[in-house]
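Novice: Take a look at this one; I'll ask things after.
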Amino acid sequence: MSTDTTMIEATNLDKYYGKFQALKNINLSVDQGERVVICGPSGSGKSTLIRCINGLENHNAGKLVVDGIEVFEGSKDIRRLRQEVGMVFQQFNLFPHLSVLENLTIGPIRVRKKSKTEAEANARKYLERVHIPEQADKFPSQLSGGQQQRVAIARSLCMETRIMLFDEPTSALDPEMINEVLEVMVDLAESGGMTMVCVTHEMGFARRVADTMVFMDEGEIIESSPPEHFFTNPETERCQAFLKQILVH
Amino acid sequence: MRIYNKKIHWLDIVLLLALAAAFAFIWYRIDGALNYKWRWEIIPNYIVRWNPDKQAWVANLLLQGVITTIRVSIYASILALILGVILGIARCSKNLAIRMLARTYLEVLRNIPPVVVIFIFYFFLSEQLVTAFNIEDWARAIARQEDNQAWEFFFGDMRRFPQLVSGVVVLALFESAFVGEIVRAGIQSIGKGQHEAAQSIGMTKIDQMRFIVLPQALKKVVPPMANQFIAIIKDSSIISLISVQELTFKTVELVASTRAIFEAWITTALFYFAICFTLSMLFRKLENNNVPHP
């Protein structure tokens, strides 16, 4: 049900790639400040869903409203929407020709029209927050994967968006770097206020920060419940099987 | 990795001897059979000559030609780069009409010999443009001025300015098709992730292109672009056909007046080679010094 505090409202969302249906009748409501973790086997449509939310993919049917702006193909408001929705990618997607500091300030300067000094001060603040203030003048290729992903998170933070989307932020990282990124994400989640939607397989992280767990399979939302319920008492068999698979190790 | 021989093998010697014999034969034919009289001694005078009035060494035919060739090549390169970037962006446009226009322009220029393009352009368009913009009178007025050194430095003899403009424009138009393809390849080599990252921070399409895609794309295509600039220098010899007084044109003049066919053309070949080879070495050095971040 839509209320004043609903940030993301998806109603009967369908998405096709040719004949293949990637999303089937998705209904999802995310409140302001809510932290949602989406999990599920690969190819289940998790990334597609999260990419629909900031219009990187367009849904074919149903209705999607994000921060009061309706998202649809060719919408004139899509840029206004994206300014309010940050996105962190699996492959970081930092701008390799720009220094770390320039990566962080290009959005605020070019999109938000901030002054360079203000944007830089802000960028340094957020670099501090992701624990790499000393890397400001390096280039992305000089950083480790974990550091790059933290720069990517800082880049989104610099836009001071109300919603943050994480698309498998730790999947491309070497195992020893996963924790440094998760720590930053936990810190963000616990500081509150920001609406977060995170696609991840990190169940420890999910347990710590999620308000709602969403389980997807074959393009459908199979289960959606608070983590305490989700982890101890999953209702569907598919979800039980999935959890058993990834929690067994 | 391949292993290259560093020592001379007996086969190499045979090969070199055969080559030397071939050259000797050609030399013999020219020198003996054609009864050609070599007059290398006249050539230096046509590069620089002593001007007794000014009491100074001044550029003669060949060096004047070299200077014009360099001028034309620089201006044509700049113009071709600008046009080529626009063309490259247009080729990657989402809009079908823009893509088709760019494609048509490219295919037309790529599939017509440069000489034909140059004649068509010169006789149909250039004349009209020069008349329409009154370039001829304007240039003549400058040519008559006393202190026109700055103009002459950049454009040479101002009375020849209309030809220079035509030459530069037509050369740039022709080369822009190739530059455009290089730029397009560069743009398309930039991954989808870069576009998405730029989109997701709310950048406009133009800003994405300007700050994210183009800077990376142009950096990637520096080597083929450098080759294209060298090609422009070589191709510039074609515009001698529309009386731009560059190196090839001047050589034709020189040959007509002195009949020193072989000496003049060999000298001209050496000039072209020296310019292009130096540039190519320079670009290679720049590339090696400027190893991009992986």
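Novice: With a cut-off of at least 3 residues that are at the interface with chain B (Cβ under 9 Å from one of its Cβ atoms), name the helices (runs of 4 or more DSSP H) lying wholly within segment A:78-163. Explain how you work it out, then say what you get.
Specialist: Numbers: elements: A:78-82, A:100-110, A:116-129, A:145-158.
The helices (runs of 4 or more DSSP H) meeting that bar are A:78-82, A:100-110, A:145-158.
Novice: Checking residue A:200 against (1) β-branched (Val, Ile, Thr); (2) within 27 Å of residue A:80 (Cβ to Cβ); (3) in contact (Cβ under 8 Å) with a residue 60 or more places away in the chain, only one condition comes out false. Which one?
Specialist: (2)
Novice: Taking segment A:212-249 as the region of interest, how many residues are under 23 Å from the mean Cα position of the chain (by Cα) and of a type in the set (Val, Ile, Thr)?
Specialist: 5
Novice: Of all strands (runs of 3 or more DSSP E) completely enclosed by segment A:184-249, which ones contain at least 1 residues that are closer than 16 Å to residue A:165 by Cα, modelled with pLDDT of 90 or more and of a type outside the set (Asp, Glu)?
Specialist: A:195-199, A:212-217
Novice: Identify the residue in segment A:43-77 that is hydrophobic (A, V, I, L, M, F, W, C) and surrounded by fewer than 20 Cβ atoms within 10 Å (Cβ to Cβ) and, among all such residues, is nearest to the other protein chains (Cβ to nearest Cβ).
Specialist: Looking at the filtered set, the residue picked out is A:69.
Novice: Filter segment A:164-183 down to the residues that are part of a helix (DSSP H, G or I) and acidic (Asp, Glu) and list them by number.
Specialist: Passing the criteria: A:176, A:180, A:183.
Novice: If you don't mind, there's one more thing I want to ask. For segment B:65-77, which residues satisfy the criterion of being surrounded by fewer than 22 Cβ atoms within 10 Å (Cβ to Cβ) and in contact (Cβ under 8 Å) with a residue 12 or more places away in the chain?
Specialist: B:66, B:67, B:70, B:71, B:75
Novice: Which residue pairs have Cβ atoms under 9 Å apart, sit 6 or more places apart or on different chains, and have a first residue in segment B:124-147 that is farther than 10 Å from residue B:161 by Cα and among the acidic types (Asp, Glu) and a second that is modelled with pLDDT of 80 or more and surrounded by 14 or more Cβ atoms within 10 Å (Cβ to Cβ)?
Specialist: B:127/B:166
Novice: Residues B:186, B:180, B:191: which one is more than 7 Å from every other protein chain (Cβ to nearest Cβ) and over 18 Å from residue B:81 (Cα atoms)? Break it down into steps so the answer makes sense when it comes.
Specialist: Values: B:186 fails: over 18 Å from residue B:81 (Cα atoms); B:180 fails: over 18 Å from residue B:81 (Cα atoms).
Of B:186, B:180, B:191, the one residue that is more than 7 Å from every other protein chain (Cβ to nearest Cβ) and over 18 Å from residue B:81 (Cα atoms) is B:191.
Novice: Which is under 17 Å from residue B:82 (Cβ atoms) and either out of contact with any Pro (no Cβ under 8 Å at 6 or more places or on another chain) or acidic (Asp, Glu) (or both), of B:212, B:242, B:142, B:232?
Specialist: B:232 is the lone residue from the list that is under 17 Å from residue B:82 (Cβ atoms) and either out of contact with any Pro (no Cβ under 8 Å at 6 or more places or on another chain) or acidic (Asp, Glu) (or both).
The values are calculated or read from the model by the stated rules, or taken from the named source; none is laboratory data. All values derive from a computational prediction rather than experimental measurement. Methodologically, a virtual Cβ is constructed for each residue, glycine included, from the backbone with ideal geometry; neighbour enumeration extends over all protein chains shown.
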